[in-house]
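What follows draws every value from the coordinates through simple rules; no lab data is involved. Since the structure is predicted, the reported quantities are computational estimates derived from the model, not experimental observations. Methodologically, a virtual Cβ is constructed for each residue, glycine included, from the backbone with ideal geometry; neighbour enumeration extends over all protein chains shown.
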Amino acid sequence: MKTLIVGGAGYIGSHVVREFLDRGHGVTVFDNLSSGKRENLFPEAEFIHGDILDYTGLSRAASGRRGGFDAVVHLAAFKAVGESMVNPEKYSVNNINGTINILNAAVEGNIKNIIFSSSAAVFGQPEYLPIDEAHPTNPESYYGFTKLEIERFLGWYDKLKGIRFAALRYFNAAGYDVKGRIKGLESNPANLIPVIMEAACGMRETVQIFGNDYDTPDGTGVRDYVHVSDLAIAHAAALEYTSKNDKSITVNLGSESGISVLEIVEAARRITGKPIPARIVGRRAGDPAKLTAASKKAHELLHWTANNSDLDTLIKTSWDVYQKPRR
Ligand code: UD1
């Protein structure tokens, strides 16, 4: 299939591009390189340096220089939860307006499928665990709100314009390509595993552990970490699903197991052999104690399981990239 991957130079996007190329899909990457990296691009994929806020450029790209696209994969968004609470304008413009541009460009380009990076942040504080797709959506952050609103736009464009979508609600994306082909580091990461990796290789002094008084076995926050290579596979399976069945889906993507902050720090110390200084600080606002996914729907509809999402693979594949010498 011919695919336009918007945000394909980013951390998750580049893994999706690699998976699509491996499966023989045609790939055009559209990215403004604001957080994506040139080193994440692959020569087999066409690259268009463009911005989703530039509708003219985007619609030209979506209409395809060499015939149309079968699908657009949309991974272009800001994703810092804390920042979204102090600068919601930035998230409104990029995440919401940018997506509306993508949807309208898809209509113009007659693209019939869209695979969208949604997030477990749409759920907010859990009412029960594990979180399945029927769990109420009540985002705690503006970031999560933008993701939920976009899901609703997708629903309308499905109804009114026949664009089938897959909304993939990632839990905590982590790790790097299991075959070591992607090496771009995220700049100024706020997520736990990259922060730990930066401490392991001396890019920062300590890891702050946000609270050890949660109602969890060791008192630190528990999350469902899902390997990016698994997420990439899910995107390919989702495209197969929407295109074959002419049907939209919303699914949770998680490993279905919970790992605590301390367990990750300890595993990282063991695997890297580095001391990784860590210090307990206060809780971070809005952080739930525990989040885990029920991914039954993804198993059933996409025949997908998070096979690479065990703790050691998450850390080892990250460390392989972080310990490489940089220019
Ligand atoms: C959040 C979103 C998730 C989103 C992701 C994108 C929620 C509930 N989850 O995940 O949907 O896709 O951001 O960025 O909004 N921690 C530390 N020290 C650190 C960093 C994190 O102790 O320096 C702890 C956190 O308190 C948490 C865990 O590590 O318990 C994971 O945090 P993080 O990696 O930031 O992801 P989430 O906030 O869970």
- Along region 43-52, what does the Karplus equation 6.51 cos²θ - 1.76 cosθ + 1.60 (θ = phi - 60°) give for ³J(HN,Hα), rounded to whole Hz, x for Gly and Pro? x, 6, 9, 5, 10, 10, 7, x, 10, 5
- Quick one: what are the phi-derived ³J(HN,Hα) couplings along region 69-77, Karplus 6.51/-1.76/1.60 with θ = phi - 60°, whole Hz, x for glycine and proline? 9, 7, 8, 10, 10, 10, 10, 9, 7
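Using the count of nearby Cβ atoms within 10 Å as a rough guide to exposure, how do V72, V207 rank from fewest to most? Kindly include the intermediate steps, with their values, before the conclusion.
Numbers: V72 26, V207 22.
Ranked by crowding around the Cβ, least crowded first: V207, V72.
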- Relative contact order of region 133-268 (C-alpha contacts under 8 Å, at least 6 apart) in percent is 34
- Placed amide H near I209: partners under 5 Å, 5+ positions off or other chain: R279, I280, V281
- Item | Other-chain or far-sequence residues with amide H under 5 Å of Y170's (modelled H) | S118, S119, A120, L253
- Item | Dipole-positive endmost among V261, T56, A105 within the chain (Cβ charges, Cα centre) | T56
- Computed Kirkwood radius, in angstrom, where 1/r is averaged over Cα pairs of the chain: 19.9
- How much net charge surrounds F20 when only other residues with a Cβ under 14 Å from its Cβ are counted (Lys, Arg +1; Asp, Glu -1)? -3
- Query: Are there GluC sites (Glu not before Pro) in region 4-97 that DSSP puts in a loop and that have at most 13 other Cβ atoms within 10 Å, and which ones?
  - Reply: E44
- What net charge do the residues around D158 carry, taking every other residue with its C-beta under 12 Å from that of D158, with Lys and Arg at +1 and Asp and Glu at -1? +4
- Task: Tell me the Kirkwood hydrodynamic radius of region 201-327 in angstroms, computed as one over the mean inverse distance between distinct C-alpha pairs.
- Result: 16.6
- Note on the structure: Of all GluC sites (Glu not before Pro) in region 110-145, the ones in DSSP coil with at most 16 other Cβ atoms within 10 Å are E127
- Task: Along each of the three principal axes of the Cα atoms of region 2-104, give the extent in whole Å, ordering the values from largest to smallest.
- Result: 42, 26, 18
- Helix-only [θ] at 222 nm, the chain, -39500 (n - 2.57) per DSSP H run of 4+, per residue, nearest 500, equals -11000 deg cm²/dmol
